[in-house]
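Input: a single structure, listed below in structure tokens.
The values are calculated or read from the model by the stated rules, or taken from the named source; none is laboratory data. Computed from a predicted structure; not experimentally measured. Cβ coordinates were reconstructed from backbone atoms using ideal geometry, including for glycine residues, and neighbour counts include every protein chain displayed.
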Amino acid sequence: MLGGVYVMVAVAFTLIIGMLNFLNFTIPALFMFAAVLMWATMTGSLPIGNDLMLAVFGPDLLWVAGIIVALAVTAVVSLIIERFTYRYMKAKYGDATEHALPLVSSLGFLIIFEHLVIGTWGSDPLAIKSPFGDASFHVGEILFSVPQILSLFISLGVVTLLTLMLRTSKLGRALRSIAERPDTAILMGVKVEHIVSVVYVITGLLCAIAGILFTINYTIVDAYIGDTVATVAIAGMVLGGLGNVWGAIVGGLFIGILEVMSIWFDADFAKIPIWGMLLAILVFKPTGLFGHTAIGKGKF
């Protein structure tokens, strides 16, 4: 399950770095914001609309309301971020936006959203009660959690649908053409600004789904959970290969499994195997397992 969460965040990073060649630091903010919105809706802690949510969904289905709120708000916020990390900067500064200005402006959004959450709900961990209770079953001596299994299949299903869209749809062809040759794509009639907005919405929804699944399974979130998850997801993305969606999938799953096994041995040193293995792989294969030397070619 944890690997599935890392997969969606890693793919979100991959889509932006694959198309626009910059590391979008708003992705951890979107993940965290969706997770906190899920908590806030389920606990009646939204700034507005708590009575409406309770009246429409009832106390037993507030988790459904949380999913809707987290998805909708995160998609809108992602569009707003796109205006100020890419579109506005591109219109005002042109090629100077590659790649420092979008990176720095996205980092600014990350800090803003973290402190917005802290100012609204505080910096302490925020806990919910799982809507599924202790749903689990045993196979021999192994305990399986039903929400974790469902989360794994949901995350892999979402990413599989995304890869099929990239390979077979008109939108997917437009995305790949922008990633490979943006100037040529414009000459061929691709509306780059519209496509970039779609990519930001997709990445926002990936982060929102990941944040929702994380909240349901771990039941505790805070303002900095996005940083924790995103750093490991970046490791998975780099391990699989920058700009390669399937590389991000393999890398995210592998990193999740490795982290859980490391925690089983010793929780205090759980991050050492992840980053140690990543550094070792980069020494021998700097492009990652499935990456390419030219980031702008052969992606997706």
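Filter segment 123-160 for residues that are within 23 Å of the chain's Cα centre (by Cα), part of a loop (DSSP other than H, G, I, E, B) and over 23 Å from Leu205 (Cα atoms) and give the result.
Answer for segment 123-160, where residues must be within 23 Å of the chain's Cα centre (by Cα), part of a loop (DSSP other than H, G, I, E, B) and over 23 Å from Leu205 (Cα atoms): Ser123, Asp124, Pro125.
Considering segment 50-105 alone, what residues qualify as being over 19 Å from the mean Cα position of the chain (by Cα), among the acidic types (Asp, Glu) and modelled with pLDDT under 90?
Listed by number, the residues that qualify are Asp60, Asp95, Glu98.
When you scan segment 193-300 for helices (runs of 4 or more DSSP H) that lie fully inside it, which ones turn up with 1 or more residues that are touching a Phe, Trp or Tyr at 6+ places or on another chain (Cβ under 9 Å), among the aliphatic types (A, V, I, L, M) and modelled with pLDDT of 85 or more?
225-240, 245-265
With among the small types (Gly, Ala, Ser), under 30 Å from Ile216 (Cβ atoms) and touching a strand residue (DSSP E or B) at 6+ places or on another chain (Cβ under 8 Å) as the only criterion, which of Ser151, Ser145, Ser155, Ser130 stands out?
Result: Ser145 is the single residue among Ser151, Ser145, Ser155, Ser130 that is among the small types (Gly, Ala, Ser), under 30 Å from Ile216 (Cβ atoms) and touching a strand residue (DSSP E or B) at 6+ places or on another chain (Cβ under 8 Å).
Could you identify the single residue in Gly189, Gly204, Gly211 that is surrounded by 23 or more Cβ atoms within 10 Å (Cβ to Cβ) and closer than 22 Å to Arg83 by Cα?
Gly204
Could we say that Ile111 is under 20 Å from Ile27 (Cβ atoms) and either touching a Phe, Trp or Tyr at 6+ places or on another chain (Cβ under 7 Å) or modelled with pLDDT of 90 or more (or both) here? Write out each step before concluding.
On the way: under 20 Å from Ile27 (Cβ atoms): yes; either touching a Phe, Trp or Tyr at 6+ places or on another chain (Cβ under 7 Å) or modelled with pLDDT of 90 or more (or both): yes.
When the stated conditions are applied, Ile111 passes them.
Can you tell me which of Ala174, Ala208, Ala127 is within 23 Å of Leu79 (Cα to Cα) and touching a residue at least 24 places away in the same chain (Cβ under 8 Å)? Write out each step before concluding.
Details: Ala174 fails: touching a residue at least 24 places away in the same chain (Cβ under 8 Å); Ala127 fails: within 23 Å of Leu79 (Cα to Cα).
After applying the criteria, what remains is Ala208.
From Gly3, Gly18, which residue is under 14 Å from the mean Cα position of the chain (by Cα) and small (Gly, Ala, Ser)?
Gly3
Looking at Leu187, Leu150, Leu164, which is the one that is aliphatic (A, V, I, L, M), modelled with pLDDT under 80 and out of contact with any helix residue (DSSP H, G or I) (no Cβ under 7 Å at 6 or more places or on another chain)?
Leu187
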